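Notes for the one structure printed next.
The values are calculated or read from the model by the stated rules, or taken from the named source; none is laboratory data. Predicted model, so just to flag it, every value in this text is computed and none were measured. Quick reminder, even Gly has a Cβ in these numbers, built from the backbone with ideal geometry, and neighbours come from all protein chains shown.
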Amino acid sequence: MTFEKSKQIWGLKWDADWVTAVQFLGDSRRVVAGNRLGQMMEWQLPDKLEGDAPQPLRQLTGHTNAITRLRCTRDGRTLYSASYDHTVRQWDTAAKSDGETKLTLNVGAVYRRSLRHSGKKVEPVLCTVALQPKSKIFANQKEWITVMLFSADEKQLITGDDGGQVVFRDRASGKVRKQWAVEGWVHALAVSPDATRAALSERRPLVFDAASRRVFRLWDIAKAEVTADLSKDFSKMYLPALAWSPDGKTILVGRGEEAEGKIWLLDAATGKKRKEVSPIHQYGVTDFIFHPDGEHFLSAGRDTVIRIWNLKDGKLVKELGKPRGGQFKDWIHAIDLTPDGTLLAAADMSGQVNIWHLA
Amino acid sequence: MKPLCKPHEHFNRRAFLKGSLLTGAGVSVANFGSLFHAQAAVNEAQKKGKRCILLWMNGGASQLDTFDMKPGRPTAGPFRPIGTNVNGLQICEYLPKMAKVADKLAVIRSMRTGSPDHPDGIYHMHTGFKQSERTPHAEIGAVIAKYCGNLDADLPSFVRMGPTGNAGPGYLGPNFAPFSLQRDGRMPTFSTSNLKPEVRERRAELFRFLETEFARQHQAEPFESHRLAKERAWRLLRAREAFDVSEEWPAHKDRYGDSNFGRGCFTALKLIERGVPFVEIGHDNYDSHANNFVCHKANLQQLDPAWSTLLLDLEDRGLLEDTLVVWMGEVGRTPNINNRAGRDHYIRAWSIVLSGSGIKGGQVYGASDEDGRDVAENPVNEGDLFATIYTALGINPRKKHFWGKRPVWLTPEEAKPIAPFLS
Amino acid sequence: MAFIILLLATLSAPAAPLRAVIDREVAQGWKTGKVEPAQLANDATFLRRSYLDLTGTVPTYAEARVFLDDAAKGKRAKLVDRLLTDKRHARHQMQIWDLIIFTRNPANPAFTRKRDAFKNWLEKQFAKNVPWDALVRKMILAEEAGSAMFHVQYRNRPEDETVAVSRIFLGTQLGCARCHDHPFEALTQRDFYGMAGFFVRLQVLQETKGKEKVYTIGEKSSGEVLFTGPAADAVPGKKGEPVAPKFLSGAALDEPDLPKEFKEPDYRKIKKAPYPKPFFSRKEKLAAWITAPENPYFARAAVNRVWAQFMGRGLVHPVDDLKPDSEPSHPALLDALAKEFVAHKFDLSWLMREIVLSESYQRDSAGPGTAAAPKWYERARVRPLSAEEFMAALRVATGFNVAQGLDAKMPNAAGSYMLKIFGKPTDGRGNFQGGVHEHMFLNNGSQLRSLISAKKGNLADTLLKSEAPWDERVDRLFLSTLTRIPSSAEREKLVAYITAKKDDKRVTRARLEESIWALLNSSRFRFNY
């Protein structure tokens, strides 16, 4: 596709707090999102891509702090959620719900209105949702888990946290297969399709202090050794987004954390910069995803815009969305695609999940 | 124009070194306090050997993410509270070592202050007065240097490192100007002379001669400031080794944390031991308008071991009962979290922590409301805070000085020290 | 008949020169402040002060000798005329205004820290005595090569540019109004964003030509500042509303509508100058409004700054805080200065000349009283030499690298150390804070030693090789360093000091160098008084 006719179909409103993670459950048209409070919600998207946005289907309770990552197996059956509460939880998406509850969808708007003494009254928007049965704790670390991904064959689940721990666990058994510690906090991590190499960015976000750390290195996973230190090529940059292309040839690097969100395509074999794309995500990149067509990748950032790029030449193909506010921009925290690459879900800071149809 | 009486009738070298160059009677000058308030009257503070360490959180630390947690509220953010060794007192999970010495802390949760930005906030929280006033107020370090320090000592009485205050000695005059070390407590560059002492001395005498000649007719403040600074620079050479902790540091760096701030706190301990009455250590940087939580987490990981170890070491050496340790920044931070995951400046309700110098620890004074938006009880302003600090150090908070003909007091008339802190 | 003669006499009487008005108003101020004026400064004092104020350096020994030995009448006026057209004057003016515009820590330092093209352009304007209104217009229009750097500082940040332009050229502090309505004054947040509307369409093009970066400023035909209300109310998802540009005095900008078929070019695609011309230029309107003779802020802010530059303290203090209700210390004088500046078509040289040749400027700084910059100007102000002045004066006094002239460098990387150590000698409110660090550098650093140490042709070398009696050599020493002849006590003391072991050449050299050191470290060198 050319993506020319892409447009946003729905904004799934969930104004409880910032929506920070999103994931489609396989090709089921079910989508789960997580927010900054640790809440998780699931929607079922109708087959017809039109009409009113669907109400949430299910609530998933368990985490007690922000959801940083959601990953679901390709078969749509097992969902994993990583959180600031130091845990990764595992959810059986096929399990039948065990009860239901009423909740207010626009808690945020009601609260904000209560702080003012004027303006239109805000009525609570109620809805009834089913309850997802309890999850189990898959992994327990000692710090905020900022990175969570599968190996390409989905046999391993990899986490990185602010305690500097990089852990490769066997997804079926939960056992740790490989683990090492880095000196800083794990900021972003990408793994080669054959799971032999990793690209890892670290940080210690001190300001004006000599101990501030911004490091970007390539690793040999089996030996747990650094094979290339690329920090000099990204001097003094925070790199919150890394991704390794499914064909193994390209590493995407995104700069962020309120700095200009530049994106580079690196040659995976050498680590050298092959291309720098333009334009940038103002205020930083937050997430990458590769399109299943193998020719494109998408980037999201703190400028409320999602961009679609050509993977070979780094040229911009399409921009989705427009910056929203005046001096202060909204973030798209995370994006996900359905396996057929026609639907895009975006975790929007303003309290909703945006669903786009790509065409 | 009236001729001055000859200064050499009043001048002597010792007086010159003390910075008390006198002028003829009947001439109105802006004295630096020391002229009309003779040092001969040894005040209580100096007798008791009171000292003060100011831990300055540059940029403004967030109270809701340190000492005034709001679990479960929309303004809470992702940090979680932990219990401390004081029943009912919870602080941030990223201050675990401080939680174990909470019984030494007196926490003010109801600061309500008047200057919302950095230059004005730094001034206001270092002097107790607004920057816009026409009087050049004296910083807390200068006041403590004056009342608890000794002008004849080789070590300066007001030492600081890192990002610190911007007011200077003000009406107290250049005698009480700060001496700035490097961020980690090391002496600044150009600290060694390659001249023989007798050459240094004769050259200095020539300089003093020229200055005396000039001062006969020219008394503007900057000249005095210039001369005193030069004398102080010479004196410092003699006292250099007091600032060099590099030999001892390796043994202590794990306890204080291997950071500039940690090393600075250790240097402060050594200077306090040597009798320096005031040391300020600035910690950069808490001004997290963006990425507030990761910024604070990184900062608190440096702050926690350094501050707690400093308190424990002071206590071990029997110094804590005479040393006041003040923890504060220029502003607090907003309860609302903005679109850059940051908190902006906030002065309506925030927190400051005191310990030592006889202040009873393990207590909280004042409170903010459930979301931290306003003070719920016992508001404390800058004047009240300074009245508390000075009283704890045996300094009369209503001590009067002069700027030209204008009287200036250390704190405003309505300032009230926090009674439960001082018993 | 008598009536007509009287009338003719009134009509033909020349208006009082500005310097007379200055002196009259300042004298009135002494009565108000109940102060006694100091005597007038002697030739040596005037010489050094006017050199520093007009050229940013001290006179050489030869220049000082010529002036002090000249017995002609009107020599001070002639000196001032010479200095105003001296190359060093333009350089000095450039340094002063460059520091006002960029400060020691410019915004956007990656682009602005190195700004030689701008400095050269600015220096040329002062060399040609371009009138102040034309100069400011040029900076805002940014059409001449090298003039773009002002806007580059605030690339994509129209709010920050609004604060800067208002503060520097209009003397108004708008900073608070950015986030909320000013609690005490009439300025609202909308006023702020109305001004920001003039800057929001500016584009910065950066090209590399050889080793240099060259900047061009363009202006779009569309684009507005979005106003989201007080910062405290900003939440995710809140849309901003566009604010139309409005001059600070209140009048909205009259703008034609864009034609329907107008298509804004994609500025991101333009990689080479020139940018296309906009359909309507807000920048031109702003430049015209700011520099208009009727603009209530512009002339007043300018004369207040120039007055402060020479007299040490603005008639409104601080210089960039002219509020409608701010009280100038000498209101009639400020009015007169502004009025005459406009009448003389914003001629900076003329204004400076009038100030410097007034008696008020020429007061001595000797006398009782300790204020560095007395409010009633009864004594001359005292201020430290800026880092640039200090370095230039050290080179001139010691005769270091003189051949290189204006672009001479200091030894042993002294330049960068000294900018750091001497760059900001005052506290936040302009009061000199004698830092111990200055003295550690001067006492112990090798840089000052390098300047002083006898080398072919420099001061120490010249004095050592001279065959004149030491009395005369000490006179020359004082004239070279302090621009004055020593008192007899000083002469005696220095001769005795230097010649303590006059048969030992090494000792004499060392003692001479120590004497030079003492003089260069004295208050009389460190300060402009």
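The set of residues in the stretch C:131-166 being at pLDDT below 85 and out of contact with any strand residue (DSSP E or B) (no Cβ under 9 Å at 6 or more places or on another chain) consists of C:157, C:160, C:163. Would you point out which residue out of B:130, B:146, B:100 is among the basic types (Lys, Arg) and free of Cβ contacts under 8 Å to residues at least 40 places away in the same chain? None of the others qualify; the one that does is B:130.
Note on the stretch C:309-344: residues that are assigned to a loop (DSSP other than H, G, I, E, B) and in contact with a helix residue (DSSP H, G or I) (Cβ under 8 Å, 6 or more places away or on another chain) total 11. Looking at the stretch B:183-288, the helices (runs of 4 or more DSSP H) lying wholly inside it that each contain 1 or more residues that are touching a residue at least 12 places away in the same chain (Cβ under 8 Å) and farther than 30 Å from residue B:327 by Cβ sit at B:197-215, B:221-238. Among the residues of the stretch C:441-453, are any part of a loop (DSSP other than H, G, I, E, B) and free of Cβ contacts under 8 Å to residues at least 60 places away in the same chain? The answer is yes, given that some residue of the stretch C:441-453 is part of a loop (DSSP other than H, G, I, E, B) and free of Cβ contacts under 8 Å to residues at least 60 places away in the same chain. Scoring residue B:416 on the criteria (1) outside any loop (DSSP other than H, G, I, E, B); (2) surrounded by fewer than 16 Cβ atoms within 10 Å (Cβ to Cβ) leaves a single failure, condition (1).
Out of B:359, B:272, one residue alone is in contact with a Phe, Trp or Tyr (Cβ under 7 Å, 6 or more places away or on another chain), away from every other protein chain (no Cβ under 14 Å) and not polar (S, T, N, Q). It is B:359.
Within the stretch C:459-503, the residues that satisfy the criterion of being among the charged types (D, E, K, R) and part of a helix (DSSP H, G or I) are C:461, C:465, C:471, C:472, C:473, C:475, C:476, C:490, C:491, C:492, C:493.
Residue-by-condition table, conditions (1) free of Cβ contacts under 8 Å to residues at least 60 places away in the same chain; (2) over 17 Å from the mean Cα position of the chain (by Cα); (3) assigned to a loop (DSSP other than H, G, I, E, B); (4) closer than 20 Å to residue A:14 by Cα:
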{"site": "A:69", "(1), (2), (3), (4)": "no, no, no, yes"}
{"site": "A:75", "(1), (2), (3), (4)": "yes, yes, yes, no"}
{"site": "A:89", "(1), (2), (3), (4)": "yes, no, no, no"}
{"site": "A:101", "(1), (2), (3), (4)": "yes, yes, no, yes"}
{"site": "A:108", "(1), (2), (3), (4)": "no, yes, no, yes"}
{"site": "A:114", "(1), (2), (3), (4)": "yes, yes, no, yes"}
{"site": "A:122", "(1), (2), (3), (4)": "yes, yes, yes, yes"}
{"site": "A:130", "(1), (2), (3), (4)": "no, yes, no, yes"}
{"site": "A:137", "(1), (2), (3), (4)": "yes, yes, no, no"}
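Among the conditions (1) at pLDDT below 95; (2) over 30 Å from residue C:409 (Cβ atoms); (3) of a type in the set (A, V, I, L, M, F, W, C), the only one that residue C:507 does not satisfy is (1).
Residues of the stretch A:302-320 that are farther than 19 Å from residue A:199 by Cβ, more than 14 Å from chain C (Cβ to nearest Cβ) and crowded, with 23+ Cβ neighbours inside 10 Å: A:306 alone.
Yes/no matrix, rows are residues, columns are (1) within 23 Å of the chain's Cα centre (by Cα); (2) closer than 30 Å to residue C:369 by Cβ; (3) surrounded by 20 or more Cβ atoms within 10 Å (Cβ to Cβ); (4) modelled with pLDDT of 90 or more:
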{"position": "B:191", "(1), (2), (3), (4)": "no, no, no, no"}
{"position": "B:197", "(1), (2), (3), (4)": "no, no, no, no"}
{"position": "B:208", "(1), (2), (3), (4)": "no, yes, no, yes"}
{"position": "B:227", "(1), (2), (3), (4)": "no, yes, yes, yes"}
{"position": "B:267", "(1), (2), (3), (4)": "yes, no, yes, yes"}
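Would a scan of the stretch C:88-107 turn up a residue that is surrounded by fewer than 20 Cβ atoms within 10 Å (Cβ to Cβ), over 17 Å from the mean Cα position of the chain (by Cα) and at negative phi? Within the stretch C:88-107 (the criterion being surrounded by fewer than 20 Cβ atoms within 10 Å (Cβ to Cβ), over 17 Å from the mean Cα position of the chain (by Cα) and at negative phi), the answer is yes, since at least one residue qualifies. Confirm whether residue B:180 is at pLDDT below 95, small (Gly, Ala, Ser) and either more than 30 Å from residue C:482 (Cα to Cα) or surrounded by fewer than 24 Cβ atoms within 10 Å (Cβ to Cβ) (or both). Yes, satisfied.
For the structure I just gave you, tell me whether residue C:340 is touching a Pro at 6+ places or on another chain (Cβ under 7 Å) and either at negative phi or free of Cβ contacts under 8 Å to residues at least 40 places away in the same chain (or both). Spelling it out, it is not the case that residue C:340 is touching a Pro at 6+ places or on another chain (Cβ under 7 Å) and either at negative phi or free of Cβ contacts under 8 Å to residues at least 40 places away in the same chain (or both). Scanning the stretch A:196-220 for residues that are away from chain B (no Cβ under 12 Å), buried (at least 19 other Cβ atoms within 10 Å of the Cβ) and either of a type in the set (S, T, N, Q) or touching a Ser or Thr at 6+ places or on another chain (Cβ under 6 Å) (or both) yields A:201, A:215, A:216, A:218. Does residue B:307 fit the bill of being within 27 Å of residue A:184 (Cα to Cα), modelled with pLDDT of 95 or more and more than 14 Å from every other protein chain (Cβ to nearest Cβ)? Yes: the conditions hold for residue B:307.
Entry remark, the stretch C:347-384: residues being in contact with a Gly (Cβ under 9 Å, 6 or more places away or on another chain) and of a type in the set (A, V, I, L, M, F, W, C) number 6 in total.
Just so you know, in the stretch B:299-335 the residues that are outside any helix (DSSP H, G or I) and out of contact with any Leu (no Cβ under 9 Å at 6 or more places or on another chain) include one that is surrounded by the fewest Cβ atoms within 10 Å (Cβ to Cβ), and it is B:318.
Only one of the numbered conditions (1) small (Gly, Ala, Ser); (2) assigned by TED's automatic domain parsing to the domain that holds residue C:476; (3) in contact with a helix residue (DSSP H, G or I) (Cβ under 7 Å, 6 or more places away or on another chain); (4) at negative phi is violated by residue C:372, and that is (2).
For the stretch C:136-150, filtering for residues that are surrounded by 21 or more Cβ atoms within 10 Å (Cβ to Cβ) and in a helix (DSSP H, G or I) leaves 5. Scanning the stretch A:194-204 for residues that are part of a loop (DSSP other than H, G, I, E, B) and within 19 Å of residue A:69 (Cβ to Cβ) yields one hit, A:195. Restricting A:42, A:50 to those that are part of a loop (DSSP other than H, G, I, E, B) and either charged (D, E, K, R) or buried (at least 22 other Cβ atoms within 10 Å of the Cβ) (or both) reduces the list to A:50. In the condition set (1) in a loop (DSSP other than H, G, I, E, B); (2) more than 18 Å from the chain's Cα centre (by Cα); (3) of a type in the set (Gly, Ala, Ser), residue A:256 is compliant with all but (2).
Among the helices (runs of 4 or more DSSP H) confined to the stretch C:348-428, the ones with at least 3 residues that are away from every other protein chain (no Cβ under 14 Å) are located at C:348-356, C:387-398.
Taking helices (runs of 4 or more DSSP H) as the structural unit, those lying wholly within the stretch B:83-174 and holding at least 2 residues that are β-branched (Val, Ile, Thr) correspond to B:118-127, B:140-148.
Look at (1) surrounded by fewer than 24 Cβ atoms within 10 Å (Cβ to Cβ); (2) more than 11 Å from every other protein chain (Cβ to nearest Cβ) and you find that residue B:161 fails only one, number (1).
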